[in-house]
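Presented below is the structure to which this report refers.
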Amino acid sequence: QCAKCRSIVSDSSCNVLINDALHLIVTERANNTTIENQLKLAIGQLDEGSSYFEISCSFCHAILGRSYKSTTDYSDAYRDRFAFDMDKVTTYTLGSCTQSRRDDSIPSQSSNAILLSFDADRARNDT
């Protein structure tokens, strides 16, 4: 969600990776965002030399992150994706990534229930 207005900008099904050093959550898709039209050059960070467009919230116009167009070896995984600044978005959990046996006495449409959520700490450890 946009930290300023709380509009949904992406979800965990679109998650690609997390970079703690650059403080980014990188996704393949985004909603309710606008890619600005001025190309910028990253200077003085680990992504130095990469070019990007800023991503803003379509509702409140807050700058949320970057969409990289040319990248260095370090930031190549971010090219043509949505790199959200962790300070500009908020995350929350809808459930847990577990499957449990349902009580047979409760009628349901499906015999299995699976709840999925995004666990940022686990994603950091998987990269």
By residue number, the members of the stretch 62-82 that are under 15 Å from the mean Cα position of the chain (by Cα) and assigned to a loop (DSSP other than H, G, I, E, B) are D80, R81
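Looking at the structure I just gave you, is S100 among the polar types (S, T, N, Q), part of a strand (DSSP E or B) and modelled with pLDDT of 90 or more? I'd like the intermediate steps shown before the answer.
Numbers: among the polar types (S, T, N, Q): yes; part of a strand (DSSP E or B): yes; modelled with pLDDT of 90 or more: no.
In short, no.
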Sole miss for I8 among (1) open to solvent by less than 60 Å² (accessible area, probe 1.4 Å); (2) within 14 Å of T91 (Cβ to Cβ); (3) modelled with pLDDT of 90 or more is condition (1)
Picked from the stretch 88-97 (must be within 18 Å of N32 (Cα to Cα) and part of a loop (DSSP other than H, G, I, E, B)), the residue modelled with the highest pLDDT is K88
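Select, from A120, A83, A77, the only residue that is hydrophobic (A, V, I, L, M, F, W, C), closer than 18 Å to V16 by Cα and at pLDDT 90 or above. Break it down stepwise before answering.
Details: A120 fails: at pLDDT 90 or above; A77 fails: at pLDDT 90 or above.
Within the list A120, A83, A77, the selection yields A83.
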(message) G44 - would you say it is on the phi > 0 side of the Ramachandran plot and loosely packed, with under 13 Cβ neighbours inside 10 Å?
(response) yes
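The values are calculated or read from the model by the stated rules, or taken from the named source; none is laboratory data. Just so we're clear, the structure is a prediction, and the values are computed from it rather than from any experiment. Don't worry about glycine lacking a Cβ; one is built from the backbone with ideal geometry, like all the others, and counts go over all protein chains shown. Each accessible area value is taken on the protein alone, full model and side chains, heavy atoms only, with ligands, DNA and RNA left out. Shrake-Rupley method; radii C 1.70, N 1.55, O 1.52, S 1.80 Å.
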